[in-house]
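One structure is given below, encoded as structure tokens.
The values are calculated or read from the model by the stated rules, or taken from the named source; none is laboratory data. Model, not experiment: these values are computed from the prediction. Every residue, glycine as well, gets a Cβ built from its backbone with ideal geometry; the counts of neighbours run over all protein chains shown. Accessible surface areas use protein heavy atoms only, side chains included; no ligands, DNA or RNA. Shrake-Rupley method; radii C 1.70, N 1.55, O 1.52, S 1.80 Å.
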Amino acid sequence: MDISIVVPLYNEAESLPELEVWIRRVMEQNGFSYEILFINDGSTDNSWDIVKELSRNNPNVKGVSFRRNYGKSPALNTGFSRAKGDVVITMDADLQDSPDEIPELYRMITEDKYDLVSGWKRKRYDPLSKTIPTKLFNATARKVSGIKNLHDFNCGLKAYRNIVVKHIEVYGDMHRYIPYLAKNAGFKKIGEKVVQHQARKYGTTKFGLDRFVNGYLDLATLWFMSKFGIKPMHFFGLLGSLMFILGFIAVAVVGFTKLYDMYHGNPYILVTDSPYFYLSLVLMLLGAQLFLTGFIGELIVRNSERRNEYEINEEITTQKI
């Protein structure tokens, strides 16, 4: 099969028939073998009834329906696990992503040999309250991830080699950082294509400003996991040791200062009357706690069943001559 199209959806009943017709037209015009995987994320309208009707009229339409709303990341992960096409395309169900972009995305994966191609909606039809935070968010994501050539990490229109989606796990709200997840899994040939942004035709947006706050928290988590996920002691142990040593030195300075003043007959105060003494104790306690956090993290990692799972690209074994 050439292409699997994964479409997560939540209350998009009005747009689904039009989207299916549009995708089918593009697929037939280009002679692609394909499947459309509609992942219904607990819609409360009749979206799932429409998906079932579409599947009766088009055998290439398949679907999965969640019992409740879990979010876009679980929907994508479910679609990825079921995708059979050589190239996997993701797009939103609200008609803001154009299926006419699919042939070029497919070509970039199959001919240009990209692992992943992300869409870039250079011209957007969103209000400033959404576009300005998006620009700041993407600038931060580029800096942290090291993927300098992507302008729109969160664009729903993306293309992947099948092997890529089988080797990444999308959970929580990590769909914003799929390129970063792919890079961490060893798929580093990541490209970008300018795509058309369609104005929303039906319904209302499902995203609020809280996604930007959550997005930064998720980015910090992903950065930490990529750097120290299997060696937490390197982060917590080092930071804790430095804080403990600084606190110990500060306590020693406070103590020696008092002894010096006593020996030379200078006025002095009790060690416990000095605020620096308590600041030093706090540093030492925090340092000890961070060190123990790293130690416990190491124990958890070493007992994990996945501690020795690595992404193997190729393997040569002994061959008979």
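Hey, if we sort 260, 34 by accessible area with the 1.4 Å probe, largest down, what's the order? Before the final figure, lay out each step's value.
Numbers: 260 130, 34 15 Å².
Order by accessible area, largest first: 260, 34.
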ask   = Can you pull the percent of Cα pairs in the chain with separation above 32 Å?
value = 43
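Using a 1.4 Å probe on the protein heavy atoms, what percent of the accessible area of the chain belongs to carbon and sulfur?
Working: 10600 of 18200 Å².
That fraction is 58 percent.
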request  = Quick one: angle between helix 210-228 and the longest Cα principal axis of the chain, in degrees between 0 and 90, rounded to 10, please.
outcome  = 70
query = What's the angle, to the nearest 10 degrees (0 to 90), between helix 47-57's Cα axis and the longest principal axis of the chain?
reply = 40
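Quick one: of the DSSP bridges fully inside the chain, what percent are antiparallel, nearest 5? Let's see the in-between values first.
On the way: 8 of 29 bridges.
Antiparallel: roughly 30 percent of the beta bridges in the chain.
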query = How much solvent-accessible surface does residue 283 expose, in Å² to the nearest 10, with a 1.4 Å probe and all protein chains in place?
reply = 60
Fully extended contour minus Cα-Cα distance, from residue 224 to residue 303, at 0.36 nm per residue = 26.5 nm
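Give, in nm to one decimal, the length gained when the segment between residue 285 and residue 253 is fully stretched (0.36 nm per residue of separation minus the Cα-Cα distance).
Values: separation 32, 0.36 × 32 = 11.52 nm, distance 1.74 nm.
In short, 9.8 nm is gained.
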query = How high is the FRET efficiency between residue 21 and residue 242 when r is their beta carbon distance and R₀ equals 56 Å, given to the nearest 0.05?
reply = 0.35
request  = Evaluate E = 1/(1 + (r/R0)^6) for residue 264 and residue 231, where r is the Cβ-Cβ distance and R0 equals 45 Å; express this FRET efficiency to the nearest 0.05.
outcome  = 0.40
task = Would you mind computing, in nm to one decimal, how far apart the modelled labels at residue 171 and residue 292 are, each placed 7 Å from Cα along Cα→Cβ?
result = 2.7
inquiry  = Using a Förster radius of 41 Å, what is the FRET efficiency between residue 148 and residue 53 based on their Cβ-Cβ separation? Nearest 0.05, please.
reply    = 0.35
